[in-house]
1. Kindly list the number of the only condition in (1) out of contact with any Pro (no Cβ under 7 Å at 6 or more places or on another chain); (2) within 16 Å of ligand 2 (Cβ to nearest atom) that fails for Arg80.
2. Going through the stretch 119-178 one residue at a time, which ones are hydroxyl-bearing (Ser, Thr, Tyr) and surrounded by fewer than 20 Cβ atoms within 10 Å (Cβ to Cβ)?
3. Taking into account only those residues within the stretch 182-204 that are buried (at least 16 other Cβ atoms within 10 Å of the Cβ) and closer than 24 Å to Leu144 by Cβ, which is modelled with the lowest pLDDT?
4. Here is a check on your reading of the model: is Thr115 under 21 Å from Ala292 (Cα atoms), within 13 Å of ligand 1 (Cβ to nearest atom) and surrounded by fewer than 23 Cβ atoms within 10 Å (Cβ to Cβ)?
5. Got a sec? Which strands (runs of 3 or more DSSP E) wholly within the stretch 211-284 have at least 3 residues that are in contact (Cβ under 8 Å) with a residue 60 or more places away in the chain and not acidic (Asp, Glu)?
6. Using beta carbons and a limit of 7 Å, which pairs, at least six apart or on different chains, have the first residue in the stretch 333-362 and farther than 25 Å from Asp233 by Cβ and modelled with pLDDT under 90 and the second one assigned to a loop (DSSP other than H, G, I, E, B) and within 16 Å of ligand 1 (Cβ to nearest atom)?
7. Could you go through the stretch 290-297 and let me know if any residue there is surrounded by fewer than 19 Cβ atoms within 10 Å (Cβ to Cβ), modelled with pLDDT of 95 or more and of a type outside the set (Val, Ile, Thr).
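The values are calculated or read from the model by the stated rules, or taken from the named source; none is laboratory data. Being a predicted model, the structure only gives us computed values, none of them experimental. Ideal geometry is used to build each Cβ from the backbone, glycine not excepted, and the neighbour counts take in all protein chains shown.
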Amino acid sequence: MIEAINVIPIASATTADAQGRSQPVSDTLHRPMRDLRISITDRCNLRCTYCMPRRIFDENHGFLPRAELLGFEEIERLARLFIQLGVQKIRLTGGEPLLRRGVEHLIESLARLHTREGDPVEVALTTNAVLLAKKAQSLKDAGLTRITVSLDGLTEKTFRRMSDSWVSVKTVLDGIAAAQHIGLAPVKVNMVVRRGANDHEIIPMAEHFRNSGIVLRFIEFMDAGCTNGWRMDEVVPAREILERINSRYPVRQIGPNYAGEVAQRWRYADGGGEIGVVASVTQAFCHECTRARLSTDGKLYTCLFASRGANLRDPLRLGATDQMLTSLMANCWERRNDRYSQLRHAATVSTAGKIEMSYIGG
Ligand code: SAM
Ligand code: SF4
Ligand code: SF4
């Protein structure tokens, strides 16, 4: 059972401005809160071995009952308050976010929100694309600004090995094509690389997405949660991934799109487009991590590898005012000192009780 902290609102150091809005917050390492990842369901139609291994997430697994999930109005209200504290980008994730009925309505309401600076909030979504071909148009109409599709291989054999499902690669590729065809939003593709499982598809994936307008990003396999049997020797370091690609298609590093971008960007020297690598394990970027995470049942987590979150849902349902809720959020962020990836190999780091990625959102 995951423990909740901070059920009673505690006054934070944040003060309100002339319009009564809370001030932006920073944590103990001077990192602002800029990004909010919201897990809108803990369920999924795949069983990727590195995320929801079937032996754990089987028919007996206790997924959250509906009443425990945050409703769309609750999510929208919390998102509005997170924005007051500095959030500029929101990403819907899960589990598989396209499984949540009416997700378009949530996107529509979030897309109407504005940052403290008065710009529309960016609303992005990460999906396995199994349902994307069907939903691409309604997501576009709802105002989605970015979409990231996860795809770990191009052959049925590899895809099946990674996703532990009978979904075909074609279904995912059709989803990507539909999104591109209707001009849904810039599409990115994420490939989690696990040595011995799908690393032989690094070059085929690079080849497939070169010259397509899609940015392919290679993600180091992470020790998220407690169930995926992570081992360091199964991580293919970003440097090795780049060396393999560079030996076939020379690449040159380019600068980040914005400060704190987690993917390192590289461009094919022959003009074939861009790729990225996310070296969360071998080149940790905790020092610039500005991500807050809201779990499916409304707890605020300040790190992907946390074992405890601050319960926002219960105070919200018990009638807490906006000011009480922002105090709770700010208090939690101001005490944040997480840097798990930087400390991963230190003997002092506890790895017990880490929450699962499907619940907190990758
Ligand atoms: N179901 C959606 C999907 O797969 O895109 C969204 C949720 S999933 C948890 C979000 C991202 O986390 C995916 O790109 C997935 O590949 C990544 N992910 C999950 N477990 C991971 C792990 N152990 N290491 C690295 N990335 C992981
Ligand atoms: Fe589902 Fe995404 Fe996790 Fe795969 S990575 S099991 S698609 S939530
Ligand atoms: Fe951020 Fe935690 Fe990942 Fe470090 S380990 S980058 S603090 S989520």
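1. Failing condition for Arg80: (2).
2. Listed by number, the residues that qualify are Ser138, Thr145, Thr155, Thr158, Ser165, Ser168, Thr171.
3. Ala185
4. For Thr115, the condition - under 21 Å from Ala292 (Cα atoms), within 13 Å of ligand 1 (Cβ to nearest atom) and surrounded by fewer than 23 Cβ atoms within 10 Å (Cβ to Cβ) - is not met.
5. Those strands (runs of 3 or more DSSP E) span 215-220, 274-278.
6. Cβ pairs passing all conditions: Tyr359/Asp42; Tyr359/Ser295; Tyr359/Thr296; Ile360/Ser295; Ile360/Leu304; Gly361/Gly94.
7. no
Here is a yes/no grid of residues against (1) within 16 Å of ligand 2 (Cβ to nearest atom); (2) out of contact with any Pro (no Cβ under 9 Å at 6 or more places or on another chain):
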residue: Gly276; (1), (2): no, yes
residue: Val281; (1), (2): no, no
residue: Thr296; (1), (2): yes, yes
residue: Leu300; (1), (2): no, yes
residue: Leu304; (1), (2): yes, yes
